[in-house]
Amino acid sequence: MWRGGSTAASAARALRSRLLLDPIHHPATSLAPIASARTSSSSTPSTAAANTIVEEAAAAVSVSQHTGSISDSLRHYGKCYWELSKARLSALVVATSGAGYVLGSGNIVDIAGLCCTCAGTMMVAASANTLNQVFEIKNDAKMKRTMRRPLPSGRISPAHAAMWATSVGVAGTALLAWKANGLAAGLAASNLVLYAFVYTPLKQIHPVNTWVGAVVGAIPPLLGWAAASTELSLNAMILPAALYFWQIPHFMALAYLCRNDYLAGGYRMFSFADPTGRRTAWVSLRNCLYMLPLGLFAYNWGLTSEWFSFEASLLTLGLTIGALSFVLEPSPKTARRMFYGSLLYLPAFMSGLLLHRLPSEQKAHNLAENNELDGVLYGADLQDEERARQKRQDTKPSRVQSLPPVSYASVAPFPFLPVPIYES
């Protein structure tokens, strides 16, 4: 019970006991006859005043209790929404989307556009994570690390969670369509559908869910790039490719460490068919090797300076060494080491990418292309107009002077007379 309500109630009871004498503890006073009309008339206002004070105290108690219940409800549902949205994971998604926005911008980054893109991405990510938990209530209830979530613990109903997911998902997509463009909104909506309605059920069907989940994680930087430049180019694939290949060793290590927990939850992970962990380790190492040339590609494609290619190679080499140790000795210790290394790798890679990025001339290039296209179209319009005018002149009847009928009449009957000539 709220402490303010109990304190106010005790104060009201004490006030009542002072103003109204208890007949049990004060029998003489309660049983004494009314001596006179004067005594009766003087005691009536005192009783009325006491009742008024008690009613005011009771009203204060009611308001205090009502205020306490509202604040408790807000705190309760706010915490549930926070956990349903997986706020820390959604923040990582927002960070990758924001990095894509900065990389896709020109010399000047639109801060307002960046904030709107991040807000829309956050809402869509919160919706996807909530729907994921709505569909996996029974599975989460069987796993130790997820059984305390709002839905398995019964702190919120599935219908309430579904309404929350729908509202924030629609709001986030609408915000991206309004403040960014249709391409960014389409990528956000497609990623929500892919995560909630493809990846989530696939986790209980086939181990390929890890690769589908990697595609889901690679889309947010594309979303940010599209929101900034209104199109996707080859340069836009650097960060999504890094995220895709990074997620494989990251989740392979996690699935190996939590193998028993995933098995209890009914999920089909790649590590289940690999009791020794060697195949899981080889898959992790292979994807680390795929990330090695990404820094060089970023430099050759004009996205970053040459320093980033050197730094990215060092970072990827460090993660590759961790994966190699996992291959040589598949154990929880080496898997945990690779997992923590992957946690350090991603923010370092994105920071270097943003630090050494070369200002993109995408918007200026697009503007030049649009101006050139407008000029071509304008010239084509002029040529079409000229051709149309020439055609009208060609089809227009000639202005040869027609002779009056009298001239023809004078010729027929009198062929020896000259034809008259008329001047205009």
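The values are calculated or read from the model by the stated rules, or taken from the named source; none is laboratory data. Remember, predicted model here, so these are calculated numbers, not experimental data. Please note: Cβ atoms are built from the backbone with ideal geometry, for glycine as well, and neighbour counts cover all protein chains shown. All accessible areas refer to the heavy atoms of the entire protein, side chains included, with ligands and DNA or RNA removed. Shrake-Rupley method; radii C 1.70, N 1.55, O 1.52, S 1.80 Å.
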Exercise for the section: Hey, can you tell me all the residues within the range 128-145 that are more than 20 Å from the chain's Cα centre (by Cα) and either surrounded by fewer than 18 Cβ atoms within 10 Å (Cβ to Cβ) or of a type in the set (F, W, Y) (or both)? Expected result: I137, K138, A141, K142, K144, R145
Practice task
Out of A119, A125, report the one residue that is at pLDDT 95 or above, open to solvent by 10 Å² or more (accessible area, probe 1.4 Å), among the hydrophobic types (A, V, I, L, M, F, W, C) and within 22 Å of Y345 (Cβ to Cβ).
Solution key: A125
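A quick yes/no check of all residues on (1) free of Cβ contacts under 8 Å to residues at least 24 places away in the same chain; (2) of a type in the set (F, W, Y); (3) over 19 Å from P240 (Cα atoms); (4) open to solvent by less than 10 Å² (accessible area, probe 1.4 Å):
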| site | (1), (2), (3), (4) |
| --- | --- |
| T276 | no, no, yes, no |
| T280 | no, no, yes, yes |
| S284 | no, no, no, yes |
| Y290 | no, yes, no, no |
| G295 | yes, no, no, yes |
| Y299 | yes, yes, no, no |
| T304 | no, no, no, yes |
| E311 | no, no, no, no |
| G318 | no, no, yes, no |
Completion exercise
L175 passes all but one of the listed conditions (1) under 20 Å from F197 (Cα atoms); (2) of a type outside the set (D, E); (3) in a helix (DSSP H, G or I); the exception is number (1)
Problem - Flag if T166 is open to solvent by less than 50 Å² (accessible area, probe 1.4 Å), of a type in the set (S, T, N, Q) and either in a helix (DSSP H, G or I) or in the same structural domain as Q247 (by the TED database) (or both) - result: no
Handout entry: Filter pass, A159 being in a helix (DSSP H, G or I), of a type in the set (G, A, S), more than 25 Å from N235 (Cβ to Cβ) and open to solvent by 30 Å² or more (accessible area, probe 1.4 Å)
Key = yes
